[in-house]
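This report concerns only the one structure given below.
Derivation of every value follows stated rules applied to the coordinates shown; laboratory data play no part. Everything quoted here is computed from the prediction, not taken from an experiment. So basically every Cβ, Gly included, is an ideal-geometry build from the backbone, and we count neighbours across all protein chains shown.
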Amino acid sequence: MRTAPATGSLVVVFNPTTSVAEVQRILRSAGARIVDGPTQANAYVLEVPPGQTERAAQAIRAERAALLIEPLGPPARSMKSTRYFDPRVALLVRGRLRANGSPGDRGR
């Protein structure tokens, strides 16, 4: 039986060479916590306090270790970004797409 994935505010992929201590520092500074992951594509689902999604995303994007950072769910009214949610992120979170854009293991 498969469990439902945890819900969160952001999805992030860190460089695989990033140390655990560095990931922890980045998450603490952004006010985020991991609620799911890692997936097969090394993606993590993060939760941030309500109203802090944009600030947390900007803080994580500023880090060289973050390869991908995208909001999940409907865009917050305060988010000024004109970027739209990339549906590939859903595949990444589910482990069906690798961070480099190639298909993941679809059979599992």
Rounded to one decimal in nm, the spacing of the 7 Å Cα→Cβ label points at residue 40 and residue 24 is 3.0
The answer for residue 35, listing residues at least 5 apart or on another chain whose modeled amide H is closer than 5 Å to its amide H, is 45, 46, 47
